[in-house]
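*Asks:* Take a look at the following structure, please.
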Amino acid sequence: MVKESEARGGLEWRVNVPDGTSKVLEPECSLKSRIWRGLERMFMGFILKVWGFLEKAWKIAVNEPKKVVHCVKVGMALSLVSLFYYMRPLYDGVGGTAMWAVMTVVVVFEYTVGACLCKCVNRATGTFLAGLLGVGVHWVASQAGEKFEPIILQASVFLLAAAATFSRFIPSIKARFDYGAMIFILTFSLVSVSGYRVEKLFELAHHRLFTIAIGTSICIITAMLVWPVWAGTELHNLVKNNMDKLSDSLDSCVAEYFGNDVKASNKTLQGYKCALNSKATEESLANFARWEPAHGGFNFGHPWKEYVKIGASLRSCAYCIEALNSSIHSDSQASDLLKKHFSKFCTTLSAKSSAVLKQLVVSITTMKKSSKIDFMVEEMRSAVEDLQNALKSLSKQPIQSMEPKTGDVVTSSTVVTLVEIVPLVTISSLLIEIAARTEKIAEAVEGLAEKAEYKVESAEEMKKNQSLKAVREIDEENQEDKTVMTLQKV
């Protein structure tokens, strides 16, 4: 039943519902208003998405200004090479093939100097060899007569393209010359196929090689002289930062488990994941760094492969820390009594392992052999022995297979349940394994120091590094205190 009642500002229609209540009838919107509201929602959604994208782009630009500089360098290189197309004297000088120079800049300009050099050398070498072979095969085919010329050209394209493609599956060639092999196939096919119809083949190959040389030269000069980003330096900093994050994650995990008064953010706890996810980046940077000339503290022929070995050792240790983090947040936990008993041994071992990693970071940063790393490793081994002895003493205690039932009396105060022991033994075993893998990291860094001929750190430099480290720690603590106070005010 529909009732009409007078409301403020007009009439109101109500409908009686079978359950005894009544509902107000809302007037239906017209088709035009519904379409307008739909378009309005679509437009606002599009604006919000664009704004979110711009915010993300701004954050990337602020956090990594080197990427913005790289964009500027690409625009600068393209502007320079475009002059060969816009200016008539330069355009005539390259035979009207200036567009090849522009295309070369687009495809070979990379973020790091090493990657740019790698692509430039591969492109120039592949183009030169393919052009030389293409002209040679064309001359041989032309001497064989018109009947056999297309057969010889087709056979040469098949054989050389197949051989070059197979070479891309060879690991040593794929790592350094994969792009050059692809350019060889492209250029040789173009020269061989077009040479059958083009009369001035040598001039075509000469102009193509000349324009590519122009494009690669502009890329190399721009990449090396305008705010260069060295792949070697990026690899050096990546390994160093991963090692530092690994040390912080280890300290944070153990401190959180044993309830020490340490403020650890989730970002610090998950820092080990940076080492786990950096394998491809490390291998790529190590490959590109081999192409770079001497820069900074790195000579030409620097042992970049040793950084890959250090990265592998870091990942091996990071897997243990990941397992440690999972064990800490598992449902089954040891009793507070056992935690208190083993807290000293576990925190001491984690602190010694973390100290070794921190000292290795200092050694890599200063590119000097640390005179006290051996002593710190021995301290870590001593902490491992102390923890193992504590575990052995625990194994001599009476163990109860399950929790006692209500009313049962346990005569010995030292009896512990197996469920309480297993989590703590797992944590202790992982810490011992982390210490062993930390020692492997120290050996890998020592191998780098020997091959790179690091100098031995002097006593004065050691004191200076210690004072700088103490100042840095004080600054970090003050910054954390300020952050906490700010949050409390909020």
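The values are calculated or read from the model by the stated rules, or taken from the named source; none is laboratory data. Worth saying up front: this structure is predicted, and the values here are computed from it rather than measured. Glycine gets a Cβ as well: all are built from the backbone with ideal geometry, and neighbour counts include every protein chain shown. SASA here: full protein model, heavy atoms, side chains in, ligands and nucleic acids out. Shrake-Rupley method; radii C 1.70, N 1.55, O 1.52, S 1.80 Å.
*Asks:* Output ³J(HN,Hα) for region 183-194: one whole-Hz value per residue in order, computed from phi by the Karplus curve 6.51 cos²θ - 1.76 cosθ + 1.60 with θ = phi - 60°, and x for Gly and Pro.
*Replies:* With the stated coefficients, region 183-194 comes to 5, 4, 4, 5, 5, 5, 5, 4, 5, 5, 6, 5 Hz.
*Asks:* Could you check the simple spin-label distance between Leu39 and Val140, using points 7 Å along Cα→Cβ, in nm with one decimal?
*Replies:* Result for the modelled spin labels: 6.9 nm.
*Asks:* Multiply the residue separation of Glu378 and Thr125 by 0.36 nm, subtract the distance between their alpha-carbon atoms, and state the gained length in nm to one decimal.
*Replies:* Details: separation 253, 0.36 × 253 = 91.08 nm, distance 5.23 nm.
So the extension gain works out to 85.9 nm.
*Asks:* Taking 0.36 nm per residue of separation and subtracting the Cα-Cα distance, what length does fully extending Ala323 through Ile60 add?
*Replies:* Details: separation 263, 0.36 × 263 = 94.68 nm, distance 3.16 nm.
Value of the extension gain: 91.5 nm.
*Asks:* Using a 1.4 Å probe on the protein heavy atoms only, what accessible surface does Ser192 show? Give it in Å² to the nearest 10.
*Replies:* Looks like 0 Å² after rounding.
*Asks:* Counting only the backbone N, which residues of region 353-397 are under 17 Å from the spot 7 Å out from the Cα of Glu453 toward its beta-carbon?
*Replies:* Those under the cut-off are 367-369.
*Asks:* Which links in Lys56/Lys358; Lys273/Lys340; Lys369/Lys440; Lys56/Lys245 stretch past 22 Å when you go from one Cα to the other? Before the final figure, lay out each step's value.
*Replies:* Numbers: Lys56/Lys358 33 Å; Lys273/Lys340 29 Å; Lys369/Lys440 16 Å; Lys56/Lys245 25 Å.
Beyond 22 Å: Lys56/Lys358; Lys273/Lys340; Lys56/Lys245.
*Asks:* For Thr21 and Ala155 in one chain, what is 0.36 nm times their gap in residues minus the Cα-Cα distance, to one decimal in nm?
*Replies:* Going from the current span to full extension adds 39.3 nm.
*Asks:* Right, next: Quick check on region 125-213: take the gyration tensor over C-alpha atoms, sort the square-rooted eigenvalues as a ≥ b ≥ c, and tell me if it's rounded (a/c under 1.5), prolate or oblate. Please list the in-between numbers first.
*Replies:* On the way: a/c = 3.20, a/b = 1.46, b/c = 2.19.
Cα axes put region 125-213 in the oblate bin.
*Asks:* Could you point to the residue in Thr165, His70, Asn122 farthest towards the positive end of region 42-165's charge dipole, with +1 and -1 charges on the Cβ of Lys/Arg and Asp/Glu respectively?
*Replies:* Farthest towards the positive end: His70.
*Asks:* Using the Karplus curve 6.51 cos²θ - 1.76 cosθ + 1.60 with θ = phi - 60°, work out ³J(HN,Hα) for each residue of region 241-248 in order, rounded to whole Hz, and write x for Gly and Pro.
*Replies:* Residue by residue, region 241-248 yields 5, 5, 5, 5, 5, 4, 5, 5 Hz.
*Asks:* For region 39-151, with only Lys/Arg (+1) and Asp/Glu (-1) charged at the beta-carbon, what is the dipole magnitude about the Cα centre, in debye rounded to 20? Can you show the working numbers first?
*Replies:* Working: 11 positive and 7 negative charges, 97 e Å.
Result for region 39-151 is approximately 460 debye, rounded to the nearest 20.
*Asks:* Per-residue counts of other Cβ atoms within 10 Å, averaged by peptide: what ranking do you get for 279-291, 230-242, highest first? Provide the component values of the computation, followed by the final result.
*Replies:* Details: 279-291: 19.6, 230-242: 21.5.
Final packing ranking: 230-242, 279-291.
*Asks:* Quick one: which of Lys73/Lys174; Lys344/Lys455; Lys339/Lys368; Lys32/Lys59 span more than 32 angstrom between C-alpha atoms?
*Replies:* On the way: Lys73/Lys174 28 Å; Lys344/Lys455 37 Å; Lys339/Lys368 39 Å; Lys32/Lys59 41 Å.
Where the Cα-Cα span goes over 32 Å, the pairs concerned are Lys344/Lys455; Lys339/Lys368; Lys32/Lys59.
*Asks:* Next question, about the same structure. Where a ≥ b ≥ c are the square roots of the eigenvalues of the C-alpha gyration tensor, would you call region 176-246 rounded, which needs a/c under 1.5, or, failing that, prolate if a/b is larger than b/c, or oblate? Walk me through the intermediate numbers first.
*Replies:* Values: a/c = 7.97, a/b = 2.48, b/c = 3.22.
Verdict is oblate for region 176-246.
*Asks:* Provide the per-residue ³J(HN,Hα) series for region 70-81, in order, calculated from phi with Karplus coefficients 6.51, -1.76, 1.60 and θ = phi - 60°, each as a whole number of Hz, with x at glycine and proline positions.
*Replies:* Values, residue by residue: 4, 4, 5, 5, 4, x, 5, 5, 5, 5, 5, 6 Hz.
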